[in-house]
Every structure is written in C-alpha cells, then in structure tokens.
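Step one of this worksheet: look at the structure below.
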Amino acid sequence: MDFKALFSQLVIVFGKLTQAQKTIIGAAVAGIIGFLIFLVVYTSDSPSTKDEGYQVLFESLTPQDAAQVVAQLEKDKIPYKIPRDNVIEVPKEVVYKERITIASMGIPKEGHVGFELFDKQEFGATNFDQEVKFRRALEGELARSIDSLSPVEKSSVSLALPKETLFVSEEVPPSASVMVQLYEDRKLTPKQIRGIKKLVAAAVPKLKTENVTLINSDGESLGDSDSDAMMGELSQMQQQYKTKEEKKQEEKIINVLAPFIGGKDRVVAKVTIEYDFSEQSSTSEKYDPENVVRSEQTSEEKRDGASPAAVGGVPGAVSNIGPSDVNGSSGLAGSGEKYEKTTGTTNFEISKTVSTTKMEFARIKRITAAVVVDGKYEAKKAESAATGDEMAYVALDQTQLDAITSLTKQSIGIDDARGDLVTVRNFEFQATKGSLGSKDAASKTSAFLTTYIEPFMPVLKYILVAIILFIAYKKVILPFADRMLEFTREEEEFEKPILEISDDEDEDLVEKVQQMRKKVENQLGLGEGFNEDELKYDVLLEKIREVAEERPDEIASLIQALINEEAAPLRNT
C-alpha cells in the first residue's frame, strides 16, 4: 500500500470540504485522540498495572514474622517493597522461588500449633511432657477453629485440666478461658458467643459451658448474660413473626377490596394479632373400660369314702384303746366322708392410652382489624365551563359497608367465638379528591405525561439515540462519503484514456516523456535535437494504439460515427 499517495488523497479530500465539515471532523478526531490518551493514562496509573515488576510475597504477617522475612531477603540480597502494613513484595521472577525457600525455614510461623506436635516421636519423653504437648495441641486446634470466624482476627485458648482422682469429693471440674481479638468495627453476635463456648466445652471431657470464660482484647467479658441474650433473641424473633403475620393479613384485605374500591391507594387496612407464645405440653393416660382376660388359673380337689380314724393323744389308756362312742363301742369302726375344694384365679389386662401433646409455636388469642375505604366520586353538573371538571364525593351506603365487612372477615379468618373484631369505616381520601378534582393545563399535561409517556421512557431513550445517530449520518458521514466518491470519480476520469492531448492537462506527462526520451537518446548517443510536435504525434499515436487494442469495438463504433457524420452533407447535396 502506498501510504504517501493515500495521505495525499486525504489531504486533497480534506481541502475540498467546507469549513463546517472540517470543524466537525477535527472535533471528532480530537475527541477520539483525547479518549485514547485518557485510556492510556488511566490504565498506566491504575493499581493493577502499577509496579508490574513486583508481586506479593507474603501478606497478613505478624510484626515478628515480617522482621524475619525481611532479614532473610536482605541476606539473600533480594530487593523488596513494603507498600502497606504486613505486606512484602519482591520481583515477580523470584517470588515463587523465594516463597518456597523462606517457607522451608519455618518462616512465617503459624500463630497456633496443633496436633502436628506429635508428628515427631521424642525418645525419653515423660508422661508429664506428653500431657503438656497434648494440652498445647488441643489449645492450638481450638484457637484455629475460633480464628475461622469472620469477626475474629486472632484468638488464644487456655485450658485448665485437673488431674483425675478416685475420690468424688476431691474432683475439680475443668475450666477454660478464651481471649479473642476482633477486627475493627466488628463484633460477635450472641449466637457466635454461645457457639464458641459450646465448641470449647465439647472438645474437653467433663467441661461445661458455664465454666468457659470468654473475653475480648479490651478485657470485656462476653456471654455472661446468656439467658438474657437468649430471651432477647426469642423476643425479637416473636416480634418479627407477629409483624410478618400482621403484614400478610393486611395485604390480603387490600388485595380483596382493591378491585371493588378502585385501587390499592383507596384502601387502608391495619391488623393486630395477639399471640400466646408460651410453651405448653400435656400428657394424658386413658384406660379402656373393656377388660381383657390375660390369664386364668383353676384348682379343684375332691374326696369320697371313709378313712380310718387317727389314734393319738396323751399316752394312756384312752390313747391305747382308741376313742369310743356313747354306746361304748371302741371307735375302730370306719365312718363315711366326702370332701370337695375348688380354687380359681383370673387375671385381667387393663389397657391404657398415653398421649403427649405439645402446643404450637404461636397460638392466636385475638385478631382485631381496622379498615378504612374511600367512597365514590361523581362529576358535578356543569353550570359553567369553569366548573365542569369538579368531582363530588358520595359516601358508601350501609349495604356496601356490610359487604366489605363480610369480605374482610372471610379473607383473614375472623372467629367471633374467639372475640375477634373487625371495624370498617368510610371516609373521603384527600389524595384521591385532589387527583380527581379540577385540573389546570399544566396538571393535565403532567398527568398525561405520567400516564401515557412515562411507561415508554425506556423505549424513547433508544429512539432518541437512533435519531441522533441518523442526523449525524445525514449531516456528517453522508456528505463526507459523497466527497470521497466525487474525488474517486474525478480520479477515474483523469486516468481514463483520451483521444486528444491538450497542453495544460498533459504538461506533466509530456515533461516525463521528454525526460525519458532525452535519457534514452543520451544513452544511445543520439543528438539532442528533436521535434516537439513529432513527440506529441508519437505519444498521441501510441495512446490511440493502446485504446484500439483494449477497446476495438468502441473504436470501430467511433470511426463509423465519424464516417456517417462526414457522409451526411454529401447525401443532402
């Protein structure tokens, strides 16, 4: 591409433009250049590209760790920068290598040590040493867990673990103390405080949450009034639940009445719900009157016939001879006997039902609702042109108010037996009256724009941008394009072969040809004398020959037209 020729063409085109077009094009070019300069300057000054040769080596270091890192960098002769507190930057080509080198030396040291203390076994360690290491590891693990909370910058945990004893009376419960340092403008919520205490208590056997002491970096004790905090949270949760339910019932009333009243802005509803948040549970046992036989046992004994009388008693004559009856008989004769015995045992199963009932979270004790509705508005009869737009307020009748009351009760579930109450009143809304009253030209225009134009504003923005682009195209781009096309046509006409060569149009061409011919004649050793007319004739003849070779049909048509033109006078004579 010939940039010199392109630049010369642009200069010629720019010279043919009007002053207004030159001004517009110059302003556009200056704006584009200024915008590009702004982008370059803004990008070069942005923090992301500033000091591109350095990257962060370590950040969030403690002062002790930062001092050790700086000492190691100076020892290794590595340049570094400290742009802000606890941040060290080094050249980006050595950042990874230096980070690995410093980390292998145990720098920076972690704030807490955990169970990695037991990674290395120490021979000769006593039981006391193991107990101390275990306590340190447990304290470090708990501190790491507490540090993971978003408000906590760093923490420290100390455990008091007494020795176990066989005597219960001498047993001392374990205890723990936790110190937390919070970030600026941050604080722990009551839930987080209870969570920290439960976390520490769950990690230590026999440790209770009330034996865990939590303080902040200012020495203030946290979580001493856990019961008060829990009550406060419970009260807040109950209030939020009450407000949410009341708002829900109000929206129900407004949504039911709005289509009939004329809009949501013409209905006002306020609902108050009294809740019983007390926790109640009951257990009942119910016995079944229908008894069921579980087991039955029967025992029966029966004896028939006679049995010899037993002889016994005090040794003597009577006992030797046996008893005798009244008639003097000896009593050795048998007597008749009959014996019967029946025993029965029946066990009944008494069935019972045990039910445990726990009441819901919130029980509605009473609902009260107050509803205010707007009336109707009718146009007054126009006595004159000035009062034709005035509106008259018409109150609702009792039948309509009763219907609204019935709809309200059904929409929010009013229970008359529970003592619920709904009050409906009809008043004139001043805002509605002002919007429906007489309007001047300005208010009418504003209302028209608000009603019909404002909803289409997002679309109108794009239409306005399209109109501006169209005007810029018609007034700037299109004239410039026409100038360019005109210049292109002039160039084509200038390059088009002609049959005649005039002195003023082809001066440059004749000079070039003369110079070339002179150069060739000098090279061939010919004289300097030559005829200018002959040169023109030769150039013209050469051009005609080229045109005839390229466009033979057109040349033939041209010659035929010339012959016909010459032959026309001869035919007339």
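The values are calculated or read from the model by the stated rules, or taken from the named source; none is laboratory data. Predicted, not measured: the structure shown is a model, and the values here were computed from it. Cβ sites come from the backbone with ideal geometry, for glycine too, and all protein chains shown count toward neighbours. These area figures cover heavy atoms from the full protein model, side chains too; ligands, DNA and RNA do not enter into them. Shrake-Rupley method; radii C 1.70, N 1.55, O 1.52, S 1.80 Å.
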Need one number: nm distance between label points at ARG551 and VAL87, each 7 Å from Cα along Cα→Cβ, rounded to one decimal. 7.4
What is the set of long-range amide H partners of ARG366 at a cut-off below 5 Å, with H atoms built 1.01 Å from backbone N? GLU274
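Accessible area per residue of the stretch 177-229 at 1.4 Å probe, in Å²?
Numbers: 3380 Å² over 53 residues.
Per residue, the stretch 177-229 has 64 Å² of solvent-accessible surface.
Roughly how compact is the stretch 140-179, stated as its Cα Rg over 2.2 N^0.38 Å to two decimals?
Working: Rg = 14.4 Å, N = 40, 2.2 N^0.38 = 8.9 Å.
Its radius of gyration relative to the 2.2 N^0.38 Å reference: 1.61.
With all pairs of different alpha carbon atoms counted, what Kirkwood hydrodynamic radius in Å does the stretch 157-289 show?
Values: mean 1/r = 0.0492 Å⁻¹.
Kirkwood radius, the stretch 157-289: 20.3 Å.
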The stretch 59-195 pair-distance distribution - Cα-Cα, 5 Å bins, rounded %: 2, 8, 13, 14, 13, 14, 14, 10, 6, 3, 2, 1, 1, 0
Determine, from the Cβ-Cβ distance of ILE544 and ALA472 and an R0 of 35 Å, the FRET efficiency 1/(1 + (r/R0)^6), rounded to the nearest 0.05. 0.10
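Distance check, please: which entries in LYS198/LYS365; LYS154/LYS191; LYS187/LYS252; LYS191/LYS358 exceed 28 angstrom between their Cα atoms? Don't skip to the end; give the middle numbers.
Working: LYS198/LYS365 37 Å; LYS154/LYS191 19 Å; LYS187/LYS252 40 Å; LYS191/LYS358 26 Å.
Listed pairs above 28 Å: LYS198/LYS365; LYS187/LYS252.
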Charge tally for neighbours of LYS133 with beta carbon under 13 Å away, counting Lys, Arg as +1 and Asp, Glu as -1, is -4
Bins of 5 Å, beginning at zero and ending with the bin holding the largest distance: percent of Cα pairs per bin for the stretch 125-206, please. 3, 13, 22, 21, 16, 11, 7, 4, 2, 1
Output wanted: per-residue J couplings in Hz (rounded whole) for the stretch 157-172, from phi through Karplus 6.51 cos²θ - 1.76 cosθ + 1.60, θ = phi - 60°, x for Gly and Pro. 10, 10, 10, 10, 10, x, 6, 6, 9, 7, 9, 5, 5, 9, 6, 10
Can you work out ³J(HN,Hα) from phi for every residue in the stretch 287-304, in order, using Karplus 6.51 cos²θ - 1.76 cosθ + 1.60 and θ = phi - 60°, giving whole Hz and x for Gly and Pro? 9, 7, x, 7, 7, 10, 6, 8, 8, 9, 9, 10, 10, 10, 10, 8, 9, 10
Can you list the residues, at least 5 places off or on another chain, whose amide H is less than 5 Å from the amide H of SER175, using H built in the peptide plane? ALA160
Phi to ³J(HN,Hα) by Karplus 6.51 cos²θ - 1.76 cosθ + 1.60 over the stretch 244-259, Hz, x for Gly, Pro: 5, 5, 5, 5, 5, 5, 5, 5, 4, 4, 5, 5, 6, 8, 4, x
Fully extended contour minus Cα-Cα distance, from VAL11 to LEU166, at 0.36 nm per residue: 45.1 nm
